[in-house]
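Inspection log for the structure reproduced underneath, given as C-alpha cells.
The values are calculated or read from the model by the stated rules, or taken from the named source; none is laboratory data. Every value quoted in this text rests on a predicted model; they were computed, and no experiment measured them. A quick note on method: Cβ atoms are made from the backbone with ideal geometry, for glycine too, and the neighbour counts reach across all protein chains shown. These area figures cover heavy atoms from the full protein model, side chains too; ligands, DNA and RNA do not enter into them. Shrake-Rupley method; radii C 1.70, N 1.55, O 1.52, S 1.80 Å.
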Amino acid sequence: RSADFTTLTYAGNYSFSNYEKIRHKTNNSIFLASKLKNLNWRINLGQSYKNNMMKNDIMDILSIHNDRENRYFYLRPNFTYRLKQSKLSLDYDFSKSNMDNTVKGFNMKDTTNLTLRRSELAVGYQRLFNDPQKKFETKLS
C-alpha cells in the first residue's frame, strides 16, 4: 500500500513565429493530486490561447488579412474511493472553446465567432479479486 501524498504541478509554454505568418501560442495547466487513505483525487485545469495573422497579396491588386484567435479552457476532476476489494470512481470533464476569425480584403470584412462547450460525467465501479488477472469493471457516462 502506498503512502499518502499531495502533489502540485504547473506547466506553461509560450511560442512565437514570424515565418510567413505571425503566430502566438500560450498554454498553461495546473495538476493537483492527493491520496489520503482510501480516497484518491486529482484536478487538472488549464487553458490555451492561439493567435494567427496571415496576409496574402494577389498581384499588387488585392490584399487579404486573416486574423484567427482560439481560446480553450478545461477542468477535469477525478475522485476514486477504495473500499476493501472495490473501487468507485467519479470523473467529470468540462471544456469550453471560443474561436474568432476575421477576414478583411477589398471592400469586405467577414467575422465569424464560434463557442463550443462540452460536459461529461462518468461513474465507474471496479471489483478486484485475489488473482491479479481477474477483475470486474463497469462504467456509466
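Counting only pairs 8 or more places apart or on different chains, how many lysine pairs in the range 1-91 have C-alpha atoms closer than 27 Å?
Pairs that pass both the separation and distance tests number 8.
Remind me, relative contact order of the range 1-128 in percent, using alpha carbon pairs under 8 angstrom and six or more residues apart?
18 percent
Once R0 is set to 35 Å, what does the formula 1/(1 + (r/R0)^6) return for the Cβ-Cβ distance between THR138 and ALA11, expressed as a FRET efficiency to the nearest 0.05?
0.60
Just add up the charged neighbours of SER119: K/R +1, D/E -1, any other residue whose Cβ is under 13 Å from the Cβ of SER119.
Value of the local net charge: +1.
Within 10 Å of each candidate Cβ there may be at most 16 other Cβ atoms; applying that plus a DSSP loop requirement, which trypsin sites (Lys or Arg not before Pro) in the range 95-141 survive? If you can, show how the numbers build up before the last one.
Details: sites: LYS96, LYS104, LYS109, ARG117, ARG118, ARG127, LYS134, LYS135, LYS139; in loops: LYS134.
Listed in order of number, the matching sites are LYS134.
Measuring from the lowest to the highest alpha carbon on each principal axis, how far does the chain reach, largest first, in angstroms?
Taking max minus min along each principal axis of the Cα atoms, the chain gives 76, 28, 24 Å.
Just to verify a number: FRET efficiency for LYS96 and ALA122, C-beta to C-beta distance, R0 = 25 Å, to 0.05?
Numbers: r = 19 Å, r/R0 = 0.75.
Computed FRET efficiency for LYS96 and ALA122 comes out at 0.85.
What accessible area per residue comes out for the range 17-138, rounded to a whole number of Å², with a 1.4 Å probe?
Values: 8780 Å² over 122 residues.
For the range 17-138, the solvent-accessible area averages 72 Å² per residue.
When the accessible area of the range 73-137 is split by element with a 1.4 Å probe, what percent falls to carbon and sulfur?
56 percent
So what's the range 26-88 giving for Cα Rg divided by 2.2 N^0.38 Å, two decimals?
So the Cα radius of gyration is 2.15 times the expected 2.2 N^0.38 Å.
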